[in-house]
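Down below is the structure, laid out as structure tokens.
The values are calculated or read from the model by the stated rules, or taken from the named source; none is laboratory data. Remember, it's a predicted structure, so these values are computed and weren't measured experimentally. When we count neighbours, we look across all protein chains shown, and the Cβ atoms used for this are built from the backbone with ideal geometry, even at glycine. In case anyone asks, the SASA skips ligands and DNA or RNA and just uses the protein heavy atoms, side chains included. Shrake-Rupley method; radii C 1.70, N 1.55, O 1.52, S 1.80 Å.
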Amino acid sequence: MEFACPAADSSACASEMLTETRGTIVMNALFDGYIPYQGEIPQRPTGALISDRQGLTTTYSLNGLQERGMLFLGAGVEVYEGMIVGEHSRDNDLDVNGCAKST
């Protein structure tokens, strides 16, 4: 597929495509030229779910996070601190613990 978008929006476009394809897309950017101002660029209405620690994700913890938004991974996945693990249903980013164990 080919898309034309302003340079200011290219990172948002890439971010959205990575989210929609769950990180499986391969993208390439090529400068196409200058055009007149086309108006405001719409912003994303959602934030990210960000892991607040390193470890293996657990089913127990992920079940509690499902109500916060869409998760990009399942149980038993190695995550690192700062890794985006899902899309938050609200407009802000949220630090989450996907590695909690049941007591």
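Among residues belonging to segment 5-28 that are among the hydrophobic types (A, V, I, L, M, F, W, C) and modelled with pLDDT of 75 or more, point out the one that is most open to solvent (accessible area, probe 1.4 Å). Working first, answer last.
Step one: of segment 5-28, the residues among the hydrophobic types (A, V, I, L, M, F, W, C) are 5, 7-8, 12-14, 17-18, 25-27.
From what's left, modelled with pLDDT of 75 or more: 17-18, 25-27.
Details: M17: 42, L18: 79, I25: 49, V26: 137, M27: 93 Å².
So, considering only residues that are among the hydrophobic types (A, V, I, L, M, F, W, C) and modelled with pLDDT of 75 or more, the one most open to solvent (accessible area, probe 1.4 Å) is V26.
If you go through segment 92-103 one residue at a time, how many are within 17 Å of the chain's Cα centre (by Cα), over 18 Å from L18 (Cα atoms) and either among the β-branched types (V, I, T) or open to solvent by 80 Å² or more (accessible area, probe 1.4 Å) (or both)?
Summing the residues that are within 17 Å of the chain's Cα centre (by Cα), over 18 Å from L18 (Cα atoms) and either among the β-branched types (V, I, T) or open to solvent by 80 Å² or more (accessible area, probe 1.4 Å) (or both) in segment 92-103 gives 2.
For the condition touching a His at 6+ places or on another chain (Cβ under 7 Å), among the charged types (D, E, K, R) and surrounded by 14 or more Cβ atoms within 10 Å (Cβ to Cβ), what is the one hit in R68, R53?
Numbers: R53 fails: touching a His at 6+ places or on another chain (Cβ under 7 Å).
On inspection, the qualifying residue turns out to be R68.
It is to be established whether one or more residues within segment 57-71 are without any contact (Cβ under 8 Å) to a residue 60 or more places away in the chain and on the phi > 0 side of the Ramachandran plot.
Filtering segment 57-71 down to residues without any contact (Cβ under 8 Å) to a residue 60 or more places away in the chain leaves 57-71.
Subsequent filtering for residues that are on the phi > 0 side of the Ramachandran plot retains 69.
Within segment 57-71, one or more residues are without any contact (Cβ under 8 Å) to a residue 60 or more places away in the chain and on the phi > 0 side of the Ramachandran plot.
May I ask you to say which residue of G82, G64 is assigned to a helix (DSSP H, G or I), over 29 Å from E2 (Cα atoms) and not aliphatic (A, V, I, L, M)? Walk me through how you get there before you give the answer.
Values: G82 fails: assigned to a helix (DSSP H, G or I).
Of the residues listed, the single one that is assigned to a helix (DSSP H, G or I), over 29 Å from E2 (Cα atoms) and not aliphatic (A, V, I, L, M) is G64.
Any idea which residue in segment 29-50 is surrounded by the fewest Cβ atoms within 10 Å (Cβ to Cβ), counting only those that are within 16 Å of the chain's Cα centre (by Cα) and at pLDDT 80 or above? Give the derivation first.
Step one: of segment 29-50, the residues within 16 Å of the chain's Cα centre (by Cα) are 43-50.
Still in the list and also at pLDDT 80 or above: 45-50.
Details: P45: 8, T46: 17, G47: 18, A48: 20, L49: 24, I50: 18.
Among them, the one singled out is P45.
What number of residues in segment 75-91 are open to solvent by less than 70 Å² (accessible area, probe 1.4 Å) and within 15 Å of the chain's Cα centre (by Cα)? Don't jump to the end; show me each part of the working.
Step one: filter segment 75-91 for residues open to solvent by less than 70 Å² (accessible area, probe 1.4 Å), giving 75-77, 79, 82-83, 85-88.
When the remaining residues are screened for being within 15 Å of the chain's Cα centre (by Cα), the result is 79, 82-83, 85-88.
Residues that pass the stated criteria total 7.
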